[in-house]
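Student: One structure, as structure tokens, below. Some questions next.
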């Protein structure tokens with residue numbers, strides 16, 4: 001699951017999105033800043049809430065609930081990078097753990113979902129790896145750029161094809177700006 005990337009679009013490869021399913025566990029090192037967004041689930045697809053782009057969001061107006069997600073880049077033991085979708089509760093648990101981190105620590109997370117119903121809540125386990133300053137500097141140099149996560153999310157959501165009365169490019173630019181505002 002962690003090895004494959006999303007299909008290319010316009011000849012570019014993109015990061016894989018990991019949504020932990022019932023009975024699964026995914027582990028890796030956090031390797032960049034998260035992107036945070038409110039998302040609607042509509043017609044079998046996740047779409048970003050555009051209430052911050054326009055005066056109204058058509059999906060909010062029609063009563064579709066929105067959910068908060070944080071998308072963190074994650075690197076596995078083989079050096080493959082993907083990004084993982086965390087719920088608001090799990091992200092808050094992660095943030096609580098991060099408050100006690102030392103200056104040269106790298107967070108490793110294991111995110112799981114109990115077997116059974118597909119909507120069982122996510123769980124998270126956080127471990128800290130203390131490293132020397134040189135190894136920490138090397139880790140910092142390999143962080144996943146936030147723009148790569150945003151580009152992948154825009155493709156995942158099939159944007160800028162979603163329109164709100166604006167030119168596609170402008171909509172995509174404004175959505176990217178909102179997503180950039182959600183990083184730590």
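Student: Give, in nm to one decimal, the length gained when the segment between residue 76 and residue 24 is fully stretched (0.36 nm per residue of separation minus the Cα-Cα distance).
Tutor: Here the segment from residue 76 to residue 24 would lengthen by 17.2 nm.
Student: How many times 2.2 N^0.38 Å is the alpha carbon radius of gyration of the stretch 33-135?
Tutor: 1.31
Student: Calculate the spin-label point distance for residue 99 paired with residue 67, positioning each point 7 Å from the Cα along the beta-carbon direction, and give it in nanometres.
Tutor: So the two model labels end up 2.6 nm from each other.
Student: Can you tell me how much longer the chain between residue 119 and residue 141 gets when fully stretched, taken as 0.36 nm per residue apart minus their C-alpha distance, in nm with one decimal?
Tutor: Result for the pair: 4.3 nm of gain on full extension.
Student: Could you list 87, 152 in order of exposure, starting from the residue whose Cβ has the fewest other Cβ atoms within 10 Å?
Tutor: The order, fewest Cβ neighbours first, is 87, 152.
Student: Listing 126, 90, 111 from the residue with the fewest other Cβ atoms within 10 Å to the one with the most, what is the order?
Tutor: 126, 90, 111
Student: Report the Cα centroid-to-centroid distance between the stretch 41-61 and the stretch 77-154 in angstrom, as an integer.
Tutor: So the two Cα centres are separated by 27 Å.
Any read-out appearing in this document is the output of simple, stated calculations on the displayed coordinates, not a laboratory observation. Model, not experiment: these values are computed from the prediction. Reconstructed Cβ throughout: ideal geometry from the backbone, glycine too, with neighbour counts over all protein chains shown.
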